[in-house]
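Have a look at the structure below before the remarks.
The values are calculated or read from the model by the stated rules, or taken from the named source; none is laboratory data. Here the structure is a predicted model, which is why all the values come from computation and not from measurement. Counting neighbours? That spans all protein chains shown, and the Cβs are built from the backbone with ideal geometry, glycine included. When the accessible area is computed, the model is the full protein with side chains, heavy atoms only, and any ligands, DNA or RNA have been set aside. Shrake-Rupley method; radii C 1.70, N 1.55, O 1.52, S 1.80 Å.
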Amino acid sequence: MDAAEFRKRGKEMVDYIADYLEKIDERQVFPDVEPGYLRPLIPDCAPQDPESFEDVFKDIEKIIMPGVTHWHSPYFFAYFPAASSFPALLADMLCGGIGCVGFSWAASPACTEMETVMLDWLGKMINLPEEFLAGKDGQGGGVIQGSASEATLISLLAARTKSIRRVQSEKPELTEADIMGRLVAYASDQAHSSVERAALIGGVKIKNVSSDDTFSVCGSALKKVLEEDKASGLIPFFFCATLGTTPCCSFDKLLELGPICNKENIWMHIDAAYAGSAFICPEFRHLLNGVEFADSFNFNPHKWLLVNFDCSAMWVKKRSDLTGAFKLEPLYLQHHHQESGNFHWQIPLGRRFRSLKLWFVLRMYGVTGLQEHIRKHVRLSHQFEHLVLQDERFEICAEVVLGLVCFRLKGSNELNKALLKSINEAKKIHLVPCHLREKFVLRFAICSRTVESTHIKFAWQHISQLATDLLKTWEQNHHQQ
């Protein structure tokens with residue numbers, strides 16, 4: 001393919017993507033395929049001779065689309081939103097076109113500097129304390145990670161290095177292995193599984209801290225575990241606080257937890273993967289109060305801020321904590337400006353020019369446009385909550401703060417599993433469940449950029465009708481027994 005054909009095909013692809021997104025509501029949100037559907041549809045080996053673009057293009061609808069779950073459909077209410085917008089897609093094209101591998105300032109100065117500046121912009125939008133910003137000569141700063149899981153792992157590894165060095169300076173007789181065996185990380189029993197995975201990769205113990213009846217961790221619960229562990233000779237070194245947990249969007253109590261972590265020399269990382277985007281709205285910013293006690297903070301613009309995946313924003317108070325943990329300088333990476341930038345703050349060496357997406361989206365939506373997007377989703381979640389509360393067969397299982405509603409039929413877990421099964425088998429909308437204590441709960445997340453009030457009403461009527469049908473057969477079966 002030469003440049004002339006690329007121009008032609010590129011325009012066709014843009015039209016195809018625009019049509020896909022414009023008419024996505026006409027597609028069934030969840031595919032009809034079974035595992036292994038794709039292999040019989042394509043040859044066993046790559047073609048020996050080149051094929052035409054037409055042949056490849058034809059196969060998108062034939063082979064790919066039948067197996068796509070349409071995350072951007074207004075009938076998709078599963079997991080959390082995956083952000084997407086036209087400015088972000090255009091920026092991603094440019095990123096692919098420039099195609100730099102930004103592993104140092106010299107490898108692409110614009111890639112390095114734009115990322116630092118965009119994370120300062122974003123930090124100011126959520127009113128992060130000054131010490132998390134790079135500014136002209138700050139000690140902190142931000143970096144774009146691939147996902148919140150990576151941000152948690154990076155902060156845990158940096159905390160581990162820092163703790164080992166601190167303990168060794170206090171007790172030189174202990175080896176690194178002695179200390180490693182005694183380190184303990186902590187997170188809420190509601191925290192995302194990626195926190196446990198980070199500890200697994202980091203080779204340290206991790207313990208769950210019990211959440212309260214609002215599914216939040218409070219200071220007294222953390223204190224209790226710390227005292228027990230210190231008494232038995234363990235070394236607490238890391239706590240991951242969650243703002244907006246995956247199951248029900250609950251918030252750990254930072255103002256109680258932060259001072260404890262600071263006093264005990266424990267690195268506090270805040271994972272606000274989904275909820276963090278909402279902090280650009282003044283009415284939700286109080287949910288971040290206490291961030292001043294944290295060592296690192298992360299949220300995903302690629303969930304709720306119209307920047308498509310992958311773009312996970314992470315800030316640290318002291319960047320030397322990260323460079324101290326991960327810096328190696330082989331000759332081929334050295335250059336005159338090697339202190340510029342944030343490329344030692346991540347797992348892979350190479351990075352894409354991801355800050356372009358932020359730059360395009362922040363400029364073309366403006367803070368007000370992004371605030372309106374968040375507020376609309378929150379309004380729609382309260383609309384759905386209101387519909388659930390009007391039906392005495394159902395209950396709401398956790399406070400609705402942002403764009404997630406946790407609800408269920410009053411009754412057994414089996415009944416609710418049957419309801420979810422009938423919803424997802426009908427394939428008109430898509431939902432996923434969670435467990436809150438011993439209850440099986442349905443999660444209704446407002447996801448799509450194009451979702452409107454009409455889609456919420458449709459979803460509720462559909463769920464309500466399926467519940468009616470289910471309860472009828474359920475009662476008949478129970479009478480027969």
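Before moving on, here are some points about what is shown:
- Full extension of the chain between E283 and Q465 yields a length gain of 62.0 nm, computed as 0.36 nm times the residue separation minus the alpha carbon distance.
- Accessible area per residue was computed with a 1.4 Å probe on protein heavy atoms; K421 scores about 120 Å².
- Local net charge near S381, Cβ-Cβ under 12 Å (Lys/Arg +1, Asp/Glu -1): +2
- When shorter helices are ignored and each DSSP H run of at least 4 residues is given -39500 (n - 2.57), the per-residue value for the chain at 222 nm works out to -14000 deg cm²/dmol.
- Reciprocal mean inverse distance between Cα atoms of region 100-352 - Kirkwood radius, Å: 18.5 Å
- Solvent exposure ordering (accessible area, 1.4 Å, most first) of M314, M364: M364, M314
- Anisotropy class of region 134-265 from Cα gyration tensor, a/c 1.5 cut: oblate
- Region 81-106 and region 368-440: distance between their alpha carbon centers, rounded to Å: 34 Å
- Total formal charge among the other residues, if their Cβ is under 11 angstrom from that of F394, Lys/Arg +1 and Asp/Glu -1: -1
- Fraction of antiparallel bridges per DSSP, the chain only, in percent to nearest 5: 55 percent
- Partner lysines whose Cα lies under 29 Å from the Cα of K472, excluding those fewer than 8 positions away in the same chain, are identified as K410, K417, K421, K427, K428, K439, K457.
- Sequence-separation-based contact order of the chain, relative, with Cα cut under 8 Å and 6+ spacing, percent: 22 percent
- Rel. contact order, % - alpha carbon contacts under 8 angstrom, at least six apart, region 100-352: 27 percent
- Residue-count net charge about F57 - beta-carbon cut-off 14 Å; Lys, Arg +1, Asp, Glu -1: -4
- Binned Cα-Cα distances of the chain, short to long, each 10 Å bin given as a whole percent: 4, 18, 25, 25, 18, 8, 2, 0, 0
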